[in-house]
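This is the structure I have questions about; it appears just below.
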Amino acid sequence: MDNQNRKAWLYLLPALIFIAVFLAYPLIDVFIYSFEENYTSASQTYTGVGFHNYSYILHDADFLQALKNTFILVVITVPLSTGLALLISLGLSSIKAVRHLFQTIYFLPYVTNTLAVGLVFMILFQKTDSQEGLVNALLNMFGMSSIDFISGPYWAKMFVLCVYTVWVVLPFKILILTSALASVKQDYYNAAKLDGASSFRICRKITLPMISPMMFYLIITGFIGAFKAYSDAVALFGTDLNSAEMNTIVGYVYDKLYSDGGGYPSYASAAAIILFVIVLTITCINLIVSKKHVHY
Amino acid sequence: MKVVLQNVTKKFPSRNKKEKKDVIAVNDFTFEIPDGKLIGLLGPSGCGKSTALNLISGLQKPTSGRIFFGDDDITAVPPEKRGVGLVFQNYALYPHLTVKQNITFPLENLKGKEKMTKADREKRAYEIAKLVQIDGLMERKPSELSGGQQQRVAIARALVKMPRVLLLDEPLSNLDARLRLQTREEIKRIQHETKITTVFVTHDQDEAMSISDLIVVMKEGIIQQIGKPQEVYSDPVNLFVAKFLGTPPIGVYNGRIEDGMLYIGDDAVGKTNLTENTELTVGIRPEGYILDSEGGLVCNLSGVEVMGRDISIVSTHPAAPDQVIRSIISSEKIVDTSKPTVRFKLKPGKVLLFDKTSGNRIRFEFI
């Protein structure tokens, strides 16, 4: 190694140490735990090595429910929130008068505490013996009977969770997309307009390809974020998510880590590794698809 | 298709909140572009030439006045219905589309009777590409092209839908000097072959002079002079036009008429038919000097630049305080550089007189 190289590594060292200690080591550790049966963190002992942990959680009804919930959440909220954000950003960039006002309004959820928002959603959607939430009041107005969105049927709860998630992730996506739209030069629009392209065609053929890198970024981070959902569910349905049938994979990991005194780090690790593999797979698929559709 | 602008004015609201005064980018334009001609809109930056182009394209609407293509009043017609092709200063090629897709894009937008099949569109695209000599680059993306090639693609895209009028907004400003010369010939050739009425915006007088059939010189939104390049050069209406055209620039001196004699500083350079004694501004084109030891104009010699065919004598004159005078003479003449001064006789047609305050041309003859 020549002097130049040695120096380069020296400068990289602080960052590398942090990455190694806080990222690489835990990752490897979790991977190892996931194969060690009945590991306890107190005594640091385990009874065997193998695939038992994986087999256990893959047969655990709670995990399967969490897996199902997470997938439903991802499949519904990522396209929905990205699509909505795109529509809103397109709208915002085509108006001039009250644009800043709307931008501020749309951005508010981003600076609001998740749990506080959860509470508001709970109040909006809840149905108790003494009072009805605003949503139920509306339903009643249209002659429909009240639904308990917070502790009622599964699909009602899933509906609230999806609405909540979309609402929470929208501001960031709108922010990114409006700035992406603003960076498309006016000349392209003028050129397309002179060429006789309709607004719809301009949007489809010019605007969307131009902002496709940002769209792609949002879809990838959207998938990752949605797979890691947890606090949203807690904000709405409390900490006992398993009995509410609203647990997510991260929620399951958390429950396994801290339930029953010492918890089950092995199971938690196995679940975390499964989540990791899922996210990695989806991201790889995204990357491959994007090669075809993301321009430059 | 001839293009007529009739009393066209474009005002922009002032951004300055304290002083609510509109900015007049284009002030009462009236001129006619004859069918099939190439016309150059020439002026310093900020003179409203791009605005004038945008008014013709329809991207901006005039505050008042009318615009005609042929006999059609197109003032209220939206840009896409005017049948104009516009080449943008930075080309505005769609970066995510190939050259072919860029060129066929305007054709894909045609509707109704004009709708073309894919095969027809590609055929037309290849024809145009051949015209501008980029038919070998059709599958590339704009980022894989050189500046000159991008320029051609932009022209092809503007031409492909057979516009009635072709508009070029500073089309050469992003090219290097050599390519600029080459491309302006190219534009001239393409215009001749297609015979499309073309409007060309530039701040480079050299460019405008070399390729335009007619040039329109503008200053602060007002047309100064319209004419054939040579006419405008040799017969400018005012000092601004005289100074704006020509390289090296015209030499400008403080002068006066005394008993009919024209003085530059203290040098008497010739008897004129002007009778009134007055102060005025004298402009002398670089080619208007004749080396002559008896000549009336005495300049302080500062150097000689040999440019091959010609030589350029660099000198100063007390009556032209802020300017270095460049005079172009044939290289066969020999300049004695050992002397501190150089004397010139002046060619009568190359000496122009201007009013001291208004800058307007004063016509005269040497007698």
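The values are calculated or read from the model by the stated rules, or taken from the named source; none is laboratory data. All figures in this text were calculated on a predicted structure; none of them were measured in a lab. Here the Cβ is made from the backbone with ideal geometry for all residues, glycine too, and neighbour counts use every protein chain on show.
Give me the strands (runs of 3 or more DSSP E) completely within region B:32-99, filtered to those with at least 1 residues that are more than 10 Å from every other protein chain (Cβ to nearest Cβ), ordered by residue number.
Fully inside region B:32-99 and qualifying: B:38-42, B:64-69.
Sticking with this structure for a sec: Suppose we filter A:L86, A:L73, A:L90 for residues that are over 20 Å from A:V163 (Cα atoms) and at pLDDT 90 or above; which single one remains? Reasoning before the result, please.
On the way: A:L86 fails: over 20 Å from A:V163 (Cα atoms); A:L73 fails: over 20 Å from A:V163 (Cα atoms).
Exactly one of A:L86, A:L73, A:L90 is over 20 Å from A:V163 (Cα atoms) and at pLDDT 90 or above, namely A:L90.
Quick one: would you say B:F29 is on the phi < 0 side of the Ramachandran plot, crowded, with 17+ Cβ neighbours inside 10 Å and more than 14 Å from chain A (Cβ to nearest Cβ)?
So B:F29 passes the test.
Can you pull out the residues in region A:189-224 that are among the aliphatic types (A, V, I, L, M) and either at the interface with another protein chain (Cβ under 7 Å from one of its Cβ atoms) or within 13 Å of B:Y94 (Cα to Cα) (or both)? Full working, then the answer.
Here is the first cut: in region A:189-224, the residues among the aliphatic types (A, V, I, L, M) are A:191-192, A:194, A:197, A:202, A:206, A:208, A:210-211, A:214-215, A:218-220, A:224.
Selection gives A:A191, A:A192, A:L194, A:A197, A:I202, A:I206, A:L208, A:M210, A:I211.
Same structure, new question: State the number of residues belonging to region A:192-245 that are among the hydroxyl-bearing types (S, T, Y) and without any contact (Cβ under 8 Å) to a residue 40 or more places away in the chain.
Total meeting the criteria: 6.
So which strands (runs of 3 or more DSSP E) stay within region B:248-309 end to end and still have 2 or more residues that are closer than 16 Å to B:P348 by Cα?
B:251-258, B:261-264, B:267-271, B:278-284, B:289-291
Output the residues belonging to region A:246-257 that are closer than 17 Å to A:F71 by Cβ and in contact (Cβ under 8 Å) with a residue 24 or more places away in the chain.
A:M246, A:N247, A:T248, A:I249, A:V250, A:G251, A:Y252
Give the number of residues within region B:65-96 that are among the β-branched types (V, I, T), farther than 17 Å from B:K161 by Cβ and more than 22 Å from the chain's Cα centre (by Cα).
Final tally of qualifying residues: 1.
Do we find a residue being under 20 Å from A:V78 (Cβ atoms), in a helix (DSSP H, G or I) and of a type outside the set (A, V, I, L, M) anywhere in region A:139-148?
Within region A:139-148, the first condition is being under 20 Å from A:V78 (Cβ atoms), and the residues that meet it are none.
No, the conditions are met nowhere in region A:139-148.
Okay, moving on. Are any residues in region B:105-135 crowded, with 21+ Cβ neighbours inside 10 Å and more than 10 Å from chain A (Cβ to nearest Cβ), and if so, which ones?
Of everything in region B:105-135, those that are crowded, with 21+ Cβ neighbours inside 10 Å and more than 10 Å from chain A (Cβ to nearest Cβ) turn out to be B:A125, B:I128, B:A129, B:V132, B:I134.
Tally the residues that are out of contact with any Phe, Trp or Tyr (no Cβ under 7 Å at 6 or more places or on another chain) and modelled with pLDDT of 80 or more, restricting the search to region A:127-146.
Selection size over region A:127-146: 8.
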